[in-house]
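J.: Attaching a single structure in structure tokens format; questions to follow.
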Amino acid sequence: MISICMIVKNAEKHLAGCLKALMPLGYEIVVVDTGSTDGTKQIAGEYTDNVYDFVWQQDFSAARNFSISKASNEYILVIDSDEVLEHFNKKEVERLIRQNPEGVGRLVIKDRFERNGEVFRVNSRVARLFSKRLYQYKGKIHEQPAHIGEGEIRYYNIPVEVDHRGYDGDLETRKKKTDRNITILMKQLENEGDDPYVLYQLGKSYYMQEDYVTACQWFDKALYFDLDTRLEYVQDMVESYGYSLLNSGQYEKAMQLLGVYDEFAVSADFVFLMGLIYMNNAKFTEAIGEFKKATKMEYSKMDGVNSYRAYYNIGVIYECLGQIEKAKRYYSMCDDYKPALDRLKGSIKYFV
């Protein structure tokens, strides 16, 4: 019923772990190599006979579509070599395919990355399961499945979770990867003209490089378009834009996101962001209100924005205002969150 397709290049660091986790599913696995110079192809050959070469054309969709053409089953599940399967309810996935034969299934990508010594975990839904009869990839980079013919895509969620290792490494390592992406994206803009998704990905690439000023410039340009606020990339762009403004010291400009509050405040991630924006503009009452609102929301993409991160920032505000007992109470609500524990230990002289 399902073929798992992936494209790889110099992926020996992660590939064996990726393929080993997929083997128990019993599905066909297709691996397309785009020019590895390490042991990637040898590793792939230990897990599947379906290993093919593809000459790299600076076009991820071309490589994806080639891998799909080698699959013998109609339904395609796309996995990347730096992803490790953590959960897959096979019976339910196959039931959902039968229930949504023309839809596109979205799995959960679990990202873990470190910034300034602090670990962040972010979960997001990504379109990865579809019929090759109805869909193919478009976009030279950060490619997306698109209808071969006409029609609107109907998405559904599948009980599949993968751990993404792609953000591992220091800033220099990430910069090498994103520099490659930026080159391809700029070429795509040159050839095809402005596209909000491509502009978003450019902004995101500079965001990952921690060049927040340049990231803001690309996000600004993308936000001039008439965008569907229901799309996950639009939601992520608005939130990334807000963090880029804060990280580049553009606190007053960040207040402009109040203009889209009603559209995006359905997410704990956006509400938490607004708390930070108020906080950095010394609007402490409003900031506390947003952080408290975030804690009442069940779902969040970033771990902790609807719990310990929100409580921590409320504690910081109360400590800055000299309301030490309130600060202590909120820090204590953060469980084992290290910054809160450090504040409690560092400020213990105020609490006695």
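J.: Any idea which residue in the range 120-160 is nearest to His87 (Cα to Cα), counting only those that are without any contact (Cβ under 8 Å) to a residue 24 or more places away in the chain and either outside the structural domain of Val93 (by TED's automatic domain parsing) or touching a strand residue (DSSP E or B) at 6+ places or on another chain (Cβ under 8 Å) (or both)?
T.: Step by step, filter the range 120-160, then rank; the result is Val126.
J.: Which condition does Glu290 not pass, out of (1) buried (at least 17 other Cβ atoms within 10 Å of the Cβ); (2) within 20 Å of the chain's Cα centre (by Cα), if it passes all the others?
T.: (2)
J.: What are the residues in the range 77-105 that are charged (D, E, K, R), touching a residue at least 12 places away in the same chain (Cβ under 8 Å) and farther than 15 Å from Cys5 by Cα, if any? Give the derivation first.
T.: Initially, the range 77-105 is screened for residues charged (D, E, K, R), giving 80, 82-83, 86, 90-92, 94-95, 98, 102.
Remaining after also requiring touching a residue at least 12 places away in the same chain (Cβ under 8 Å): 80, 82-83, 86, 90, 92, 94, 102.
The answer is Glu86, Lys90, Glu92, Glu94, Glu102.
J.: Can you tell me which residue is nearest to the chain's Cα centre (by Cα) among those in the range 88-125 that are within 23 Å of Glu232 (Cα to Cα) and among the small types (Gly, Ala, Ser)?
T.: Step by step, filter the range 88-125, then rank; the result is Ser124.
J.: Now a separate question. Looking at (1) assigned to a helix (DSSP H, G or I); (2) under 29 Å from Tyr224 (Cα atoms), which is the one condition that is false for Tyr311?
T.: With respect to (1) assigned to a helix (DSSP H, G or I); (2) under 29 Å from Tyr224 (Cα atoms), Tyr311 is out only on (2).
J.: I've got another one for you. Could you please give the count of residues in the range 79-138 that are among the small types (Gly, Ala, Ser) and touching a Leu at 6+ places or on another chain (Cβ under 8 Å)? So that I can check it myself, show each step before the final result.
T.: Applying the first criterion (among the small types (Gly, Ala, Ser)) to the range 79-138 yields 81, 103, 105, 117, 124, 127, 131.
Checking the rest, the ones that are also touching a Leu at 6+ places or on another chain (Cβ under 8 Å) come to 81, 105.
Residues meeting the conditions: 2.
J.: Next up: How many residues does the range 42-68 hold that are over 24 Å from the mean Cα position of the chain (by Cα) and either free of Cβ contacts under 8 Å to residues at least 12 places away in the same chain or closer than 13 Å to Met6 by Cβ (or both)? Spell out the reasoning first.
T.: Initial filter on the range 42-68 (over 24 Å from the mean Cα position of the chain (by Cα)): 42-57, 66.
Now drop any that are not either free of Cβ contacts under 8 Å to residues at least 12 places away in the same chain or closer than 13 Å to Met6 by Cβ (or both), which leaves 42-45, 47-52, 54, 57, 66.
Adding up the residues that qualify gives 13.
J.: What are the residue pairs meeting all of these: first residue in the range 296-307, first residue farther than 14 Å from Val108 by Cβ, second residue surrounded by 17 or more Cβ atoms within 10 Å (Cβ to Cβ) and of a type in the set (S, T, N, Q), Cβ atoms under 6 Å, and 6 or more apart or on different chains?
T.: Every condition considered, the pairs that remain are Met297/Asn306; Asn306/Thr295; Asn306/Ser300.
J.: Next question, about the same structure. Can we say Lys177 is more than 30 Å from Glu74 (Cα to Cα) and without any contact (Cβ under 8 Å) to a residue 60 or more places away in the chain?
T.: yes
J.: I'd like the full set of residues that are acidic (Asp, Glu) and part of a helix (DSSP H, G or I), limited to the range 265-301.
T.: Of everything in the range 265-301, those that are acidic (Asp, Glu) and part of a helix (DSSP H, G or I) turn out to be Asp269, Glu286, Glu290.
J.: Can you give me the ranges of the strands (runs of 3 or more DSSP E) entirely in the range 21-135 with at least 1 residues that are closer than 30 Å to Tyr337 by Cβ? Quick ask: steps written out before the conclusion?
T.: Details: elements: 28-33, 51-53, 75-78, 83-88, 104-115, 118-131.
In the range 21-135, the matching strands (runs of 3 or more DSSP E) lie at 83-88, 104-115, 118-131.
The values are calculated or read from the model by the stated rules, or taken from the named source; none is laboratory data. Owing to the predicted nature of the structure, the values given are computational and were not obtained by experimental measurement. When we count neighbours, we look across all protein chains shown, and the Cβ atoms used for this are built from the backbone with ideal geometry, even at glycine.
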